[in-house]
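First up is the structure itself, then whatever we jot down about it.
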There are 2 protein chains.
Amino acid sequence: MVFHYPNGDPYTQNDYPTKRIRHKNIIYSKRGMSLEDEINESNKFYLQTGIAVVHKKPTPVQIVDVYYPKRSAAVIQKAYFKQASTTDYNGVYNGKYLDFEAKETKNKTSFPLSNFHEHQVEHMRACQAQDGICFTIIKFVKHDQLFLLPAKTLFRYWDERLTGSKSIPKSVIASEGFEIQYGLHPRIPYLKYVDHLIEHEP
Amino acid sequence: MVFHYPNGDPYTQNDYPTKRIRHKNIIYSKRGMSLEDEINESNKFYLQTGIAVVHKKPTPVQIVDVYYPKRSAAVIQKAYFKQASTTDYNGVYNGKYLDFEAKETKNKTSFPLSNFHEHQVEHMRACQAQDGICFTIIKFVKHDQLFLLPAKTLFRYWDERLTGSKSIPKSVIASEGFEIQYGLHPRIPYLKYVDHLIEHEP
């Protein structure tokens, strides 16, 4: 069976020189894709069951050149990745605005702050000031452990990063955050822990 | 003065054959850009003054092929536009989740429902069910008139579109929505009308 791109080009797995590598294998690590996929799947479950509406934002891209073939879809022929000005996920849950990032680390005992950009932290601060619920879902991939970390812990470590620690100890994440137990439907039932977050800080 | 792309290519205005037209001039009409620009500028004002955090979502793109030149930024060499599964704008304002579309029409007396896709209306319905505040900012470009239309009016017309009207009369938009008066800072002070919306339907 031959697959085709929307513009009619046949799809073959090895039709690019080695330096022109397919996007999926490069931009995100396989592990990164998997946490993202798990969260997307969980959001789909929450959407379909009417529990919450949360979406991942598209990757921001600066489009430079577009080609319009006759009788086919427009093809972007030149574009660059732009740095995101916000976090990856936001949405609404029972009247509450949710805003979060999902991050993985191979570290075993701490989460490096270098996983964040200044503007992401600033964005979460601005959302929290509007009474949004902000947090990070952190996966320690070596032990397959997941945590929901409230933004206020991140802010505290972020503000002290120049003179203090460059990472948040896992023990702090475990005590100030919530360990997420994997489920079936959804795989990552993070809203259960958002409920705790709302209860603890009304 | 010569400008360069991030990968070092020089920028010249006419270095593409006529069929490879620059993105900006084609995908959006000039008028479309201008409402979008005005709203983006207003959102920037709201963000900087700590009033609200609202962002336009990036255009969703399906990336097919990426080239990684040595010592330069990655270049997307093949990608397609995807249909958005949500509305263009969302954010948080004083504890409330906001979700909206911005649309222009050249019509003088009504707003055609063909400006919406099914999934956008469904998305707004799902957000409203979570107590989000959903609306459309509609611009009648011929008379330079702006309205904020609550989602419930859109839903009513949308549900009757197969047997009833294919468009929402401007008179209905004016009576069930709010006419937005242009301002200076911000240009489109739409949150003032969101306040009315919240007051009227608590």
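The values are calculated or read from the model by the stated rules, or taken from the named source; none is laboratory data. This structure is a prediction, so every number in the text was calculated from the model and none was measured. In this analysis, Cβ positions are derived from the backbone assuming ideal geometry, glycine residues included, and neighbour counts consider all displayed protein chains. Heavy atoms of the whole protein, side chains included, go into the accessibility calculation; ligands, DNA and RNA do not. Shrake-Rupley method; radii C 1.70, N 1.55, O 1.52, S 1.80 Å.
Values as computed for the structure displayed
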quantity	calculated
Residue under evaluation A:Y11, criteria (1) in contact with a strand residue (DSSP E or B) (Cβ under 6 Å, 6 or more places away or on another chain); (2) more than 23 Å from B:T59 (Cβ to Cβ); (3) modelled with pLDDT of 80 or more, criterion not met	(3)
Residue match in the stretch A:130-147 (condition: in contact with a Gly (Cβ under 6 Å, 6 or more places away or on another chain), closer than 21 Å to A:P169 by Cβ and open to solvent by less than 50 Å² (accessible area, probe 1.4 Å))	yes
Residues being under 25 Å from A:E122 (Cβ atoms) and more than 14 Å from the chain's Cα centre (by Cα) - total across the stretch B:48-73	7
Residue check, A:I137 in contact with a Leu (Cβ under 7 Å, 6 or more places away or on another chain) and away from chain B (no Cβ under 14 Å)	yes
Residue under evaluation B:L162, criteria (1) under 28 Å from A:K57 (Cα atoms); (2) hydrophobic (A, V, I, L, M, F, W, C); (3) surrounded by fewer than 17 Cβ atoms within 10 Å (Cβ to Cβ), criterion not met	(1)
Qualifying positions in the stretch B:74-90 - more than 20 Å from B:Q130 (Cα to Cα) and assigned to a loop (DSSP other than H, G, I, E, B)	B:A74, B:K82, B:Q83, B:A84
Residue satisfying condition, being modelled with pLDDT under 95 and either of a type outside the set (F, W, Y) or open to solvent by less than 40 Å² (accessible area, probe 1.4 Å) (or both), within set A:I51, A:I27, A:I39	A:I27
Residue list for the stretch B:96-126, restricted to those being within 11 Å of another protein chain (Cβ to nearest Cβ) and either in contact with a strand residue (DSSP E or B) (Cβ under 6 Å, 6 or more places away or on another chain) or open to solvent by less than 20 Å² (accessible area, probe 1.4 Å) (or both)	B:K96, B:Y97, B:L98, B:D99, B:H123, B:M124, B:A126
Answer from A:K170, A:K152, A:K192 - the residue that is among the charged types (D, E, K, R), more than 14 Å from chain B (Cβ to nearest Cβ), open to solvent by 10 Å² or more (accessible area, probe 1.4 Å) and touching a Cys at 6+ places or on another chain (Cβ under 9 Å)	A:K152
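Each row is one residue, and each column tells you yes or no for (1) at negative phi; (2) free of Cβ contacts under 8 Å to residues at least 12 places away in the same chain; (3) of a type in the set (A, V, I, L, M); (4) not in a strand (DSSP E or B).
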{"residue": "B:L47", "(1), (2), (3), (4)": "yes, yes, yes, yes"}
{"residue": "B:V66", "(1), (2), (3), (4)": "yes, yes, yes, no"}
{"residue": "B:S72", "(1), (2), (3), (4)": "yes, no, no, yes"}
{"residue": "B:E104", "(1), (2), (3), (4)": "yes, no, no, no"}
{"residue": "B:N107", "(1), (2), (3), (4)": "yes, no, no, yes"}
{"residue": "B:R125", "(1), (2), (3), (4)": "yes, no, no, yes"}
{"residue": "B:H143", "(1), (2), (3), (4)": "yes, no, no, yes"}
